1. Multiply the residue separation of Leu184 and Ile31 by 0.36 nm, subtract the distance between their alpha-carbon atoms, and state the gained length in nm to one decimal.
2. On alpha-carbon atoms, Rg over Rh for region 121-198 using Kirkwood Rh?
3. Average the reciprocal distances over every distinct pair of alpha-carbons in region 114-246, invert the result, and give the Kirkwood radius in Å.
4. Using a 1.4 Å probe and counting only protein heavy atoms, arrange Arg10, Arg61 so the residue with the most accessible area comes first.
5. Efficiency by 1/(1 + (r/R0)^6): what FRET value for Phe191 and Leu39, r their Cβ-Cβ distance, R0 = 22 Å, to the nearest 0.05?
Amino acid sequence: MTALVRSELRKILTTRLWWGLLIGAVLYAVIQAAANAALAGRDPGAGQPATAALDTAQAIRTVYAGSAFQGAYIFAMILGITGMTGEYRYQTLTPTFLATPRRARVVVGKMAAHFLVGLGFGVAAALGALVVGGAVVLARGYDIGFGAARLWPSLALAVVAVALWTLLGIGIGTLIRNQVAAVLVAVFVTFLVEPLATFILAANDLDSIVRWLPTNASTALTSAGSALVDYLSWWAGGLVLLGYAAVLAGLGVLLSTRRDVT
């Protein structure tokens, strides 16, 4: 298994895609951190409640942990999708399965390798959020907030959440083997369908449904949610996200062992 994980890591790190996605994740995280820090405590108008001020632990967690997750998770998911669909697209999975006939071991090794790279994405995004978000917090005249309640556990959990989204990506890439279609569907659902469903359901007091959606479960895990949704507790959010990852990854193992790769 160790050799399989090394092999999968080599597949990821010897292409240009991973660092392109990493740059995107860090840039998105720092922009998100700067925006969250700049807008914290301001009245958005239109009858919406003001966000928490920067002298509260919730706002600090949002600037650092929330921004790190929001910036990196979509790129981690795309990494997982391409890690699976790329194998089908370029037929590199065929020699891999010929060399290692136990397909389940190959898929598990792929998930382990992508999880490790996903951790790297999360760490890089967290560092970017700390630097840029901290600079904006200080520029606004507030304490940098590194001693805020549950900040560091939230940052660590945000990194884990990012890594778990690579497993969701692998599951999606197994269900939809066409690379372009898989990425488009995943981004469409994650960036448009789920936020729209969250807004509509939350506005109609249906938080009991909204809180179970994967992105909202991830937000609960980082303890960096807004007042719009009544999120799960951080540990329940983590279990829900782990459940999504386990189900999609399990489907990935099941379908990969039964489908013809030609």
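1. Working: separation 153, 0.36 × 153 = 55.08 nm, distance 2.30 nm.
That works out to 52.8 nm of additional length.
2. Values: Rg = 16.8 Å, Rh = 15.0 Å.
My calculation of the ratio gives 1.12.
3. On the way: mean 1/r = 0.0622 Å⁻¹.
Answer for region 114-246: a Kirkwood hydrodynamic radius of 16.1 Å.
4. Values: Arg10 140, Arg61 40 Å².
I get Arg10, Arg61, largest accessible area first.
5. Working: r = 20 Å, r/R0 = 0.90.
Rounded to the nearest 0.05, the efficiency is 0.65.
The values are calculated or read from the model by the stated rules, or taken from the named source; none is laboratory data. Being a predicted model, the structure only gives us computed values, none of them experimental. Here Cβ is always computed from backbone atoms with ideal geometry, including for glycine, and neighbour counts include all displayed protein chains. To get the accessible areas, we keep the full protein, side chains included, count just its heavy atoms, and leave off ligands, DNA and RNA. Shrake-Rupley method; radii C 1.70, N 1.55, O 1.52, S 1.80 Å.
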